[in-house]
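Report on the following structure.
The values are calculated or read from the model by the stated rules, or taken from the named source; none is laboratory data. Just so we're clear, the structure is a prediction, and the values are computed from it rather than from any experiment. Cβ atoms come from the backbone with ideal geometry, glycine included; neighbour counts cover every protein chain shown. The area values use the complete protein model at the heavy-atom level, side chains included, leaving out ligands, DNA and RNA. Shrake-Rupley method; radii C 1.70, N 1.55, O 1.52, S 1.80 Å.
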Amino acid sequence: MKTIWKIAKAELNTLFCSPIAWLILIIFAFQAGLTFSDLIADQLRYLALNYRPYNLTGSLLVGYTGVYSDMQNNLYLYIPLLTMGLMSKEYSSGSIKLLYSSPITNIQIIIGKYISMIVYALILVVILFAYFIYTACVVENFDYSFALTGILGIFLLVCAYGAIGLFMSTLTAYQVVAAVGTLTILAVLNFMANVGQNIDFVRDLTYWLSLAGRSDKFLQGMICSEDVFYFIIVIALFLSLSILKLKFERSCSNKFEKTFQYVGVLCVTLLLGYVTSQPKLMCYYDATATKANTLTLPSQEVMQKMDGGLTLTTFVNLLDDNFNRGMPQNRNWEIRKFEDYIRFKPEMKMKYVYYYDHADNPRLYAQHPGKTDKEIAQSLCDNYDYDFEMFLSPEELKKITEPKGIDLEEERNRFVYLFERENGQKAFLRIYDDNQRDPFEAQITSALKTMVAEAPLVAFVNGHGERDIYKGGERDYSAFAKNLTFRHSLINQGFSVTTLDLKADSAATDIPENIDIIVIADVREEYTPEEIAKVQRFIARGGDMVITCEPRRQPLMNPLVANLGITFMPGIVVEETEGYAPNQLFLNPTETAMKENQEFYRMVRYGSKLAMPGAVQFQINDSCGFKSSVLFATTPKAWNELQTTDFVDDKPVINPETGERADSIPLVVRLSRQVGDKEQRIFVCGDADCMANSELTTSRNDMPTSNFTLISEIFRELSFNEFPVDDSRPHPYDDKMSIGQGALIWVQIIFMGLIPVGLLAGYVITWWRRRKK
């Protein structure tokens, strides 16, 4: 060990007697200081604008834009300049012969050289630690473990770069060639994740070898044993190759022996990589205070109940617009979407089924007019160089899906995932037509939860002109009820959705017991007494409901809600809003709603409104046994207009003679009572259009709205917080800084001035002492 340390000490002495090592430290410190100063300036600017800081530990240090992340992206430029002379200068100066003739082993030479790089890496870490100390002093509730994990990731990355550079330095006597070679190896290792991804055997090996993003998890606050072992194995690999290189120079070995040992080292490396990357053997530590890299508690509870085997099958239709997501070259990227779940279910299997069948893809069929689905599939295989034999025909596909009760036609033959438990339970998981496309934790967990908990069955009553859940018209309800491509629709949030025709059944038949919630929206035809009786018996047994009304439908709706103590009043609610018709209402949640529901509170915090394009006032009679809670109401300036009907050309005014008066009018109310051991909940809304397709897809630049918050939270309460799955996370605690606007100049002086100048002074002193000697 003494010999190794002597070699390391001599290498450090040589290193710091040259200007390169000092220059890299000075540039590194100045660049980090410049980045940190800009980040502090941004945070001070936000404070001046009265914005609330968010996750300051991440924002200043280890987040996507933090100083550690920024410096990590530039390390590949610095390290090759350090390592290029580790062995190359020994070759070029001839001192390698002295090393070979001395009683020093190859291992001692390489380890000694490498330790000098570790010491240098520690110096870089010390520089970064200065930002750690300052941030910890000025940020309240600083996340220490989060920041330390980021430093660990950078240290391991520098060590890996150093091992690679040391190996390249053993291959040539020219330092520039060694530096360029190191950059080349780093580029190859970063690009390795894209090599051979179409080949099953090669895919996992090259993906594991890839250096790209390995330290990113550390900077996100996650320590994974796979990544730690990756750095250790890669460092050991290149140190071993370096030792072998010196060994073969000092001894006579034939090519076969050399090749055998090099290949042996590589094979052991790949074997260790394979073993350490097995999900069952991987360990995790989430260093963030809020456990931001871990599934939320509701998701963890679902995974704990998921006993037995679990298989995720991806059905990829070549004729669907999203087929490329599931192709072999993208499989590893697909797996990354489910890494958090594999952590809690490491035995989960991944399967892929490739087929071609008719899809809702007008653009594709327009490009291939007159061709059959098979001909189009063959053409696509020719264009993308796919093997047509890997895609099942519709007939072959049905032989696989029909025995299992899988109907892909209901999914419109789109790209879709299917979770399947060992006991035969199944759940579809979809991708969506929005900017993100991929499912989030809420959607994934909702799909899984339907297999461990009973999904609430929501029935939309039809047959009387009610809103349709299958049509895409402006007044219909397909977007939030049955739309496969809308991530927030009920079927994508864990609910089962169906329709209920009260006319189709005999008068003696009650609403089926398996229906948990019924929705009656904008009745246009009168219910018969028998149908009303069915609804009343459903209410009497404790069934939950959502009831929405529209102007001019009050006489048709009132018989249905009479037993609830609700009476829809004639007229239409109006309120003056600049730039909008008087009957276009924008509502805020009430204090009660904000106290009971975090999402309603967020609506107010972010300035979002509930839009109602035409609403009906209703009266509430509490003597019917229900407790009422007002969730949304107008301001005191609104009134129930009884005379005006044309709100484009006419301007409504309050007419006291007809009973019109300005007041705050409740328009969304929750009724609740205890029925047996269950709390019954019924929501009454004075507008049906606020849940319609038109309002959910309307964007107003001057008036942000969040109508879907109302829908999702209503059904969350109706399912007693089971669905949609709550994937919200606590707000990071490090959201306050104890510095003022004048602190920026001191940050710049310290980190852009004193530290770089101090390093420069260190170089000058070292140079002066060496010159005197």
inquiry  = Tell me yes or no: at least one residue of segment 162-183 is open to solvent by 30 Å² or more (accessible area, probe 1.4 Å), over 29 Å from the mean Cα position of the chain (by Cα), more than 26 Å from residue 206 (Cβ to Cβ) and of a type in the set (Phe, Trp, Tyr).
reply    = yes
Test result for residue 295, among the hydrophobic types (A, V, I, L, M, F, W, C) and either under 28 Å from residue 427 (Cβ atoms) or open to solvent by 70 Å² or more (accessible area, probe 1.4 Å) (or both) = yes
note = Taking first residues from segment 644-659 that are without any contact (Cβ under 8 Å) to a residue 12 or more places away in the chain and more than 11 Å from residue 575 (Cα to Cα) and second residues anywhere that are assigned to a loop (DSSP other than H, G, I, E, B) and not hydrophobic (A, V, I, L, M, F, W, C), the pairs with Cβ under 6 Å that are 6 or more apart or on different chains are 650/644
ask   = When only residues in segment 37-52 that are open to solvent by less than 10 Å² (accessible area, probe 1.4 Å) and out of contact with any Gly (no Cβ under 9 Å at 6 or more places or on another chain) count, which is farthest from residue 738 (Cα to Cα)?
value = 37
note = Of the residues in segment 129-142, those that are in a helix (DSSP H, G or I) and touching a strand residue (DSSP E or B) at 6+ places or on another chain (Cβ under 8 Å) come to 138
ask   = When segment 524-565 is examined, which residues are found to be in contact (Cβ under 8 Å) with a residue 40 or more places away in the chain, assigned to a loop (DSSP other than H, G, I, E, B) and either surrounded by fewer than 19 Cβ atoms within 10 Å (Cβ to Cβ) or under 44 Å from the mean Cα position of the chain (by Cα) (or both)?
value = 524, 525, 526, 541, 542, 543, 549, 550, 551, 553, 565
ask   = Tell me, which strands (runs of 3 or more DSSP E) lie completely within segment 566-675 with 3 or more residues that are in contact with a Pro (Cβ under 9 Å, 6 or more places away or on another chain) and more than 27 Å from residue 717 (Cβ to Cβ)?
value = 639-641
inquiry  = Can you tell me which condition residue 228 does not meet? The list is (1) of a type in the set (Val, Ile, Thr); (2) touching a Leu at 6+ places or on another chain (Cβ under 8 Å); (3) part of a loop (DSSP other than H, G, I, E, B), and all the others hold.
reply    = (3)
task = Within segment 724-743, identify whether any single residue is within 30 Å of residue 52 (Cβ to Cβ) and assigned to a helix (DSSP H, G or I), and answer yes or no.
result = yes
request  = Of all residues in segment 578-591, count the ones that are at negative phi and open to solvent by 30 Å² or more (accessible area, probe 1.4 Å).
outcome  = 6
note = Across (1) free of Cβ contacts under 8 Å to residues at least 60 places away in the same chain; (2) in a loop (DSSP other than H, G, I, E, B), residue 295 clears everything bar (1)
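Table: residues versus (1) crowded, with 22+ Cβ neighbours inside 10 Å; (2) more than 23 Å from residue 724 (Cβ to Cβ).
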position	(1), (2)
462	no, yes
465	no, yes
472	no, no
479	yes, no
483	yes, no
490	yes, no
493	yes, no
511	no, yes
520	yes, no
Members of segment 143-187 that are touching a Pro at 6+ places or on another chain (Cβ under 9 Å), more than 25 Å from residue 99 (Cα to Cα) and outside any loop (DSSP other than H, G, I, E, B) = 180, 183, 186
inquiry  = Anything in segment 707-754 that is under 30 Å from residue 695 (Cβ atoms), of a type in the set (A, V, I, L, M, F, W, C) and open to solvent by 60 Å² or more (accessible area, probe 1.4 Å)? List them, or say none.
reply    = 720
message = Just the residues that are surrounded by 14 or more Cβ atoms within 10 Å (Cβ to Cβ) and among the polar types (S, T, N, Q), please, taken from segment 432-460.
response = 443, 445, 446, 450
ask   = Of all residues in segment 329-359, which are part of a helix (DSSP H, G or I) and either free of Cβ contacts under 8 Å to residues at least 60 places away in the same chain or touching a strand residue (DSSP E or B) at 6+ places or on another chain (Cβ under 8 Å) (or both)?
value = 331, 333, 334, 335, 336, 339, 343, 344
task = Being farther than 15 Å from residue 317 by Cβ and outside any loop (DSSP other than H, G, I, E, B) narrows it down to one of 436, 378, 443, so name that one.
result = 443
ask   = Within segment 299-311, can you find the residues that are crowded, with 18+ Cβ neighbours inside 10 Å and either in contact with an Asp or Glu (Cβ under 8 Å, 6 or more places away or on another chain) or in a loop (DSSP other than H, G, I, E, B) (or both)?
value = 299, 306, 310
task = Select from segment 498-515 the residues that are within 24 Å of residue 687 (Cβ to Cβ) and not polar (S, T, N, Q) and write down the one among them that is modelled with the lowest pLDDT.
result = 502
ask   = Has segment 396-408 got at least one residue that is farther than 30 Å from residue 551 by Cα, hydroxyl-bearing (Ser, Thr, Tyr), open to solvent by less than 10 Å² (accessible area, probe 1.4 Å) and assigned to a helix (DSSP H, G or I)?
value = yes
remark   = Of (1) without any contact (Cβ under 8 Å) to a residue 12 or more places away in the chain; (2) touching a Ser or Thr at 6+ places or on another chain (Cβ under 7 Å), residue 427 fails just (1)
Residue tally, condition open to solvent by 10 Å² or more (accessible area, probe 1.4 Å), touching a residue at least 40 places away in the same chain (Cβ under 8 Å) and farther than 20 Å from residue 738 by Cα, over segment 125-145 = 2
request  = Looking at (1) at pLDDT 95 or above; (2) within 19 Å of residue 521 (Cα to Cα); (3) under 28 Å from the mean Cα position of the chain (by Cα), find the lone condition where residue 420 falls short.
outcome  = (2)
